[in-house]
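In what follows, a structure is listed as structure tokens, so that the remarks can point back to it.
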Amino acid sequence: MSNYKKSGENINSRLPIIIAEAVILLVLIGIFAILLKSHHETPVTLSGADPAYKELLPDWYFTEGEQTGSIGEGGNEEGNAGEGETGNEEVLPPEELLPPPSFAPQAVESTLPENYIKTVGINVAGTTLAADEKYQASEEESIFFGYGQDYTDAEGVITFRGNNFRDGGSYGYAGMSDFQLDGAWNVTTGTLVHNGAVWSGSGWTGQPLIVKWPKETKAIMNMYDWAKEDDSLVEVIYATMDGNVYFLDLETGKQTRDTLNLGFTFKGAGALDPRGYPIMYLGAGYDSSKGVSRAFIISLIDFSIMYEFGNMDSFSLRGELCYFDGSALVDAETDQLIYPGENGIVYIMKLNTQYDEEAGTLSINPDNVRKWHYYGHRTSLYSYWVGMEGSPTIWCGHMFMCDNGGNMMCIDLNTLELVWVQDILDDSNGTPVLSIEDGHPYIYVSTSFHYGWRSYTTAKIPIWKLDAVTGEIVWQKDYTCYTESGVSGGVQSTIALGKNDLEGYIYVTVAKTDTQNHGILACIDRATGEVKWEFESYYTWSSPILVYNEDGSGYVVFCTYGNNMYLLDGLSGEVLDSFNLLGGVEATPAAYEDMIVVGTRKCLIWGVKMS
């Protein structure tokens with residue numbers, strides 16, 4: 001008994017110490033649990049989500065055993081888990097998987113702007129700043145732009161390549177099983193002639209816009225009654241070189257409203273407002289009997305022209321030339337339009353949009369127009385001109401832009417300062433494509449071969465992967481191309497960025513590779529720059545697009561000046577089908593689910609069904 005009593009006495013004397021130690025242990029366990037929870041509260045499960053977004057995350061985001069049911073890793077497209085997994089983890093939409101965007105670019109020695117650009121100029125609200133005067137956007141007008149998939153909630157393709165990363169061009173799933181292309185309909189367009197120049201059908205870049213408007217928005221538009229009442233209607237909006245904008249039913253090609261005649265040649269795609277407002281931003285690509293070229297902001301409620309700009313701009317360093325072939329972007333957060341022109345000016349303007357859908361009213365009152373221009377070291381009246389024909393790519397307040405003078409530029413839109421410039425050798429008309437890989441931004445871009453600038457016979461055409469932070473070349477793949485006066489060889493198109501099963505590859509069309517009429521479509525490994533496969537065809541300026549089935553399998557659609565549209569397996573390059581469009585194609589197609597739309601130089605707009 002005495003022994004037990006002695007033990008009880010020892011326990012009683014140590015009880016406060018034991019309790020204190022237990023409390024400390026519980027606190028430590030709690031802290032560890034909080035840390036463990038915070039480590040895992042950003043879900044890593046990709047089952048059921050688009051595998052394309054996996055590439056946007058850095059390697060450290062994933063740890064072994066934390067992915068369940070992702071396509072190609074033992075699961076299926078419904079998100080069912082692979083062998084040995086439960087598949088019960090919470091699945092969040094792709095945007096919630098992405099880390100907050102952050103970007104702080106800076107030049108290195110080889111990409112210093114002064115290496116290539118002699119002067120820049122800034123004009124704010126009609127006043128040109130002195131050379132040593134700095135510009136800084138106000139907090140209210142500070143431009144940002146996040147990830148490409150966050151650009152719009154609109155259903156469709158509403159700007160060239162769909163968003164601010166320029167990595168789209170198709171919307172929804174193709175749902176193919178037979179892998180056939182069938183002409184569903186075609187619509188005849190026309191020709192516009194001015195000063196001896198003949199502009200027929202649809203030209204470069206010529207991408208249609210495709211959108212499914214909400215019923216409430218259609219109700220206030222000048223659509224035909226049957227179109228307003230059709231809840232399944234998807235509208236094709238196609239600006240063409242005959243001076244018209246056509247409005248068509250995607251399924252049948254039937255007109256949804258009257259044709260809008262503006263009387264100018266339209267080569268570019270135009271753009272719709274990402275907020276879903278019934279506004280179209282459209283630039284003319286050549287002068288006409290109605291005057292010199294310009295950019296329009298058009299109400300799609302009643303076709304009224306709400307604003308025009310760019311024509312005969314005294315701030316231009318390119319005389320009276322004022323063409324707009326690119327496709328604008330709108331910063332929805334700050335209500336600002338960003339639109340570069342071939343006159344060498346980047347336009348940024350506050351729109352002051354007032355839209356009341358219930359009342360059916362829409363107005364804009366642009367002010368605080370900012371303009372930025374530049375002049376290159378090798379620019380002259382005859383070659384390496386200032387001017388931008390492609391479309392702007394924007395992320396985190398910075399615009400990536402190619403120009404006619406062989407410059408690939410990164411511009412801070414909130415200070416209008418050049419951050420870096422890369423030499424891309426020649427007249428460059430394609431649009432840069434932005435890709436986030438393991439958390440790091442890269443640009444894919446190429447150039448054309450303008451007759452007489454570098455050679456009159458053949459020249460090297462590189463395809464580049466650039467580090468978007470510094471502008472440095474990561475890799476380049478070279479092709480040798482021919483050219484001719486007025487019909488450039490090389491890459492006039494915009495590169496297509498693979499997603500889903502095509503993640504890890506880019507697709508590019510190269511014109512005039514072996515002869516004047518020869519061209520290739522190349523599938524290139526994004527990591528190494530090595531060619532996976534090539535398909536030889538008639539040459540093309542048209543940009544390829546990528547379409548996908550729900551299981552993630554990807555396919556390439558591209559058109560040539562040899563009249564054909566091709567459907568290829570994106571991984572193998574196997575030709576699955578082709579379709580004769582009865583005319584050469586310079587324009588770029590767009591796709592909505594199982595329908596492709598593209599125009600030809602022979603004055604036909606085609607609706608082609610994938611089955």
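Looking only at the stretch 275-324, which residues are among the aromatic types (F, W, Y) and under 15 Å from A197 (Cβ atoms)? Listed by number, the residues that qualify are Y286, Y323.
Here M280 clears all of (1) surrounded by fewer than 20 Cβ atoms within 10 Å (Cβ to Cβ); (2) in a strand (DSSP E or B) except the condition numbered (1). Taking the stretch 556-579 as the range and being farther than 24 Å from V487 by Cα and over 20 Å from the mean Cα position of the chain (by Cα) as the test, the residues that pass are L567, L568, D569, L571, S572, G573, E574, V575, L576, D577, S578, F579.
The conditions of being in a loop (DSSP other than H, G, I, E, B) and either in contact with a helix residue (DSSP H, G or I) (Cβ under 8 Å, 6 or more places away or on another chain) or farther than 23 Å from D325 by Cβ (or both) are not met by Q149. Taking the stretch 345-400 as the range and being open to solvent by 50 Å² or more (accessible area, probe 1.4 Å), farther than 22 Å from L282 by Cα and under 27 Å from the mean Cα position of the chain (by Cα) as the test, the residues that pass are Y375, W385.
Please indicate, with yes or no, whether at least one residue in the stretch 426-446 is farther than 24 Å from I338 by Cβ, of a type in the set (G, A, S), assigned to a strand (DSSP E or B) and touching a residue at least 40 places away in the same chain (Cβ under 8 Å). No: the stretch 426-446 contains no residue that is farther than 24 Å from I338 by Cβ, of a type in the set (G, A, S), assigned to a strand (DSSP E or B) and touching a residue at least 40 places away in the same chain (Cβ under 8 Å).
For the stretch 580-611, how many residues are more than 25 Å from the chain's Cα centre (by Cα) and open to solvent by less than 40 Å² (accessible area, probe 1.4 Å)?
Start the filter on the stretch 580-611 by keeping residues that are more than 25 Å from the chain's Cα centre (by Cα), which leaves 580-583, 602-604, 611.
Among the residues that remain, those that are also open to solvent by less than 40 Å² (accessible area, probe 1.4 Å) are: 581, 583, 603-604, 611.
Going through the stretch 580-611 one residue at a time, the tally reaches 5.
Among the numbered conditions (1) on the phi < 0 side of the Ramachandran plot; (2) out of contact with any His (no Cβ under 9 Å at 6 or more places or on another chain); (3) at pLDDT 95 or above, tell me where L416 comes up short. Result: L416 passes all but (1). Of the numbered criteria (1) open to solvent by 30 Å² or more (accessible area, probe 1.4 Å); (2) assigned to a loop (DSSP other than H, G, I, E, B), the one V120 fails is (2).
Is it the case, given these coordinates, that T458 is closer than 30 Å to V198 by Cβ and of a type in the set (V, I, T)?
Spelling it out, T458 is indeed closer than 30 Å to V198 by Cβ and of a type in the set (V, I, T).
Out of curiosity, is E534 surrounded by fewer than 21 Cβ atoms within 10 Å (Cβ to Cβ) and without any contact (Cβ under 8 Å) to a residue 24 or more places away in the chain? Talk me through it step by step, then tell me what you get.
Values: surrounded by fewer than 21 Cβ atoms within 10 Å (Cβ to Cβ): yes; without any contact (Cβ under 8 Å) to a residue 24 or more places away in the chain: no.
When the stated conditions are applied, E534 does not pass them.
The values are calculated or read from the model by the stated rules, or taken from the named source; none is laboratory data. Just so it is clear, the model here is predicted, and its values are computed rather than measured. Neighbour counts are summed over all protein chains in view; Cβ atoms, including those assigned to glycine, are modelled from backbone coordinates with ideal geometry. The accessibility values were calculated without ligands, DNA or RNA, using every heavy atom of the protein model including side chains. Shrake-Rupley method; radii C 1.70, N 1.55, O 1.52, S 1.80 Å.
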